[in-house]
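Scroll down for the structure; my scribbles are underneath it.
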Amino acid sequence: MNVSEVVAALLLSVLIFPTVIIAGKTTDNGPTANFLRSDPYKLQDYEERGKMPRLADVGEKINSIVKSTQQKIWLTYGRPAEDLLSRMTSVLKEDNPLANSKLQVWLKHVDDLNQKHPREAKSAASMLTAHYGDNQYGNSLLSTKLNAAMENEHTKVFALKLQAQRLEDWGRKNTAPLAVFDMLLLRNHDVLKNPLLISWFKYVEDFNARNPVDKMTLISTLSLGFGTSDRGLVEVLEAGLNAGGTKDIATKLKTQLFAEWEAKKLTPDLVFDSTLRLKQGYTDSNAPGLSDPILKFWIRYMEWFNLKHPHKQKTTLFDTLRNHFDYDAIVRMLVDAKLDPASKASARDLESLLFAKWLDGKLTPQDIARWLRADRSDAMFDEYKRLFEMKWPNGV
C-alpha cells in the first residue's frame, strides 16, 4: 500500500467512526490524541443538526490532505523531480495531464524543491520539455497539451505558469522568436485570442534588446510566422478586425503593418501586386472576389495611404482592378459579388464606374457585349443599353 492509500484509509476510518473523534469522548492520551480530537469536519455540529457532511466536501478534504502529505514526504526524502516525473508516463499521455492530481502534486513538489535548493533550481517546464523532447516535435506536443489545459478553467493557471517558464528557458538559450512562435503553435491557434501572444511580443522585445544586430521588428517576425509573405498575417488581422474580442489588438497590429509598408515605400499598387499578390502572375485572369479578406485589407491600406498622402494621385479600387485585369475578369467578379448580400452594394458601385468609363469612351452595347458573357441573365447588358441610349439617343 502506497502513502496515498495509507492516508486515505486513515481519513476514511475517521469518517466511518465519528464517535471516536468527538472531543471529550475519547480516552486516548497517546500521540494521536490531538489528531483524533481535531474533528476537522465538525461532526459534532453535524450530529446536533441531524446532518452528515456532504461526500463531495469530504472527498475534497481528503484529496487536499493526501496531496499535502505526499508533497511533504517527497520533500523530506529529497525525491528527485525528474525521477518522479519518469514514473508518470501514463499521466503525461493524457490530453490534459494538468487535470491529473498526480501532476499537480508534482508541480508543487518542484516549487518546494527549488525554494529549498535555489542554486540547483530547475523549472518544471524544462523537465516536461525533456520528457516530451527538446525539439520541434516535442515542444509542439507539449504546447498541444498546454493549450488544452488553458481551455480548462481548473488548469489554466498551471498552463500559463508553465508557458511563462518555457519563455524564460528559451530566453536563457537565446532562442530566435520565430522558432518560439512555431514551438508555441501560435500559427495553429486562434492567435489574436491567445493570451500567449502578448507574452511572445515581450519575448521579441527582450530578444531584440539582447541581439541588436540581428533584431527584427515585431510585425515582420509575426508575418514570417504565418508564411513567407504578408498574406497569412493579413488574413488573421482582417478576421480580427471584424470580431469584437480581437478588434483592439488587430487594429494596433494593422497600424504597425501599414507603417512598415509605408516605410518600405510600398504604394497601394505595389502592395496589391507584389506584397499581397492579389494578381497571381501575369497570366492570372481571375480578379479577387469582393469578399476576399485580403482584398478587403488592401482597401483599408489604400484608404489609409490616400489620407496620409493627399498630394499624391489618389488610388481607387476600380483603377487598380483595371490596371491588373481585363474587362472579362472584372465582369466575372461583379457577377459573383452581386450574388453575395455582403458585397452586393460594392459590386453595384463598381458596375456604375465601369459603365461610366465605357460611356465616356463612347462604346456601344455591341462593343461591350463580348465582355459580358459571364452575366447569363443579360441584366448588365440591358442596363448598359438603357444608359447608352439615354446619353446617346441618336447614336455615336
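Hey, residue 254 hits all of (1) of a type in the set (Lys, Arg); (2) exposed (fewer than 15 other Cβ atoms within 10 Å of the Cβ); (3) touching a helix residue (DSSP H, G or I) at 6+ places or on another chain (Cβ under 6 Å) but one; which does it fall short on?
(2)
Given the conditions (1) buried (at least 16 other Cβ atoms within 10 Å of the Cβ); (2) closer than 28 Å to residue 270 by Cβ; (3) over 32 Å from the mean Cα position of the chain (by Cα), which single one is not true for residue 335?
Exception for residue 335: condition (2).
Among what's in the stretch 288-320 and is in a helix (DSSP H, G or I) and charged (D, E, K, R), pick the residue that is farthest from residue 341 (Cα to Cα). Give the steps one after another, and end with the answer.
Here is the first cut: in the stretch 288-320, the residues in a helix (DSSP H, G or I) are 293-308, 317-320.
When the remaining residues are screened for being charged (D, E, K, R), the result is 296, 300, 303, 308, 319.
On the way: 296: 15, 300: 20, 303: 23, 308: 31, 319: 24 Å.
Per the stated criteria, the residue is 308.
Among the basic types (Lys, Arg) and free of Cβ contacts under 8 Å to residues at least 12 places away in the same chain, is that true of residue 265? Talk me through it step by step, then tell me what you get.
Values: among the basic types (Lys, Arg): yes; free of Cβ contacts under 8 Å to residues at least 12 places away in the same chain: yes.
Taking the combined requirement at face value, the residue satisfies it.
Yes or no: residue 168 of a type in the set (Asp, Glu), surrounded by fewer than 16 Cβ atoms within 10 Å (Cβ to Cβ) and under 30 Å from residue 215 (Cβ atoms)? Please lay out each step first, then the result.
Values: of a type in the set (Asp, Glu): yes; surrounded by fewer than 16 Cβ atoms within 10 Å (Cβ to Cβ): yes; under 30 Å from residue 215 (Cβ atoms): yes.
For residue 168, the condition - of a type in the set (Asp, Glu), surrounded by fewer than 16 Cβ atoms within 10 Å (Cβ to Cβ) and under 30 Å from residue 215 (Cβ atoms) - is met.
Enumerate the pairs (first residue in the stretch 212-229 and not assigned by TED's automatic domain parsing to the domain that holds residue 178; second residue anywhere and in a loop (DSSP other than H, G, I, E, B) and among the polar types (S, T, N, Q)) with beta-carbon separation below 8 Å, excluding pairs fewer than 6 apart on the same chain, so at least 6 apart or on different chains.
If the second residue must be in a loop (DSSP other than H, G, I, E, B) and among the polar types (S, T, N, Q), the pairs left are 223/229.
Within the set of pairs 6 or more residues apart or between chains, which connect a residue that is closer than 18 Å to residue 164 by Cβ and assigned by TED's automatic domain parsing to the domain that holds residue 163 inside the stretch 136-151 to a residue that is surrounded by fewer than 16 Cβ atoms within 10 Å (Cβ to Cβ) and not hydrophobic (A, V, I, L, M, F, W, C) with Cβ atoms less than 6 Å apart?
148/95; 150/156
Hey, among the residues in the stretch 175-234 that are outside any loop (DSSP other than H, G, I, E, B) and polar (S, T, N, Q), which one's nearest to residue 261 (Cα to Cα)?
The first filter runs over the stretch 175-234 and keeps only residues outside any loop (DSSP other than H, G, I, E, B), leaving 177-183, 191-193, 196-210, 218-225, 231-234.
Next, only the ones that are polar (S, T, N, Q) stay: 199, 208, 220-221, 223.
Working: 199: 25, 208: 21, 220: 10, 221: 14, 223: 12 Å.
Going through the qualifying residues, I end up with 220.
Which of the residues that make up the stretch 269-283 are modelled with pLDDT under 90 and crowded, with 16+ Cβ neighbours inside 10 Å? Quick ask: steps written out before the conclusion?
Step one: list which residues in the stretch 269-283 are modelled with pLDDT under 90, which gives 279-283.
Correct list: 279 only.
Here's the yes/no breakdown for (1) among the aromatic types (Phe, Trp, Tyr); (2) touching a residue at least 60 places away in the same chain (Cβ under 8 Å); (3) closer than 18 Å to residue 237 by Cβ:
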{"residue": "301", "(1), (2), (3)": "yes, no, yes"}
{"residue": "311", "(1), (2), (3)": "no, no, no"}
{"residue": "320", "(1), (2), (3)": "no, no, no"}
{"residue": "323", "(1), (2), (3)": "no, no, no"}
{"residue": "327", "(1), (2), (3)": "yes, no, no"}
{"residue": "335", "(1), (2), (3)": "no, no, no"}
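Do the conditions hold for residue 348, that is, is it assigned by TED's automatic domain parsing to the domain that holds residue 376, assigned to a helix (DSSP H, G or I) and touching a residue at least 24 places away in the same chain (Cβ under 8 Å)?
Working: assigned by TED's automatic domain parsing to the domain that holds residue 376: yes; assigned to a helix (DSSP H, G or I): yes; touching a residue at least 24 places away in the same chain (Cβ under 8 Å): no.
Here the answer is no, as residue 348 does not meet what is asked.
The values are calculated or read from the model by the stated rules, or taken from the named source; none is laboratory data. Note that this is a predicted model, so its numbers are computed, not measured. Heads up, the Cβs are rebuilt from the backbone with ideal geometry, glycines too, and the neighbour counts pull from every protein chain shown.
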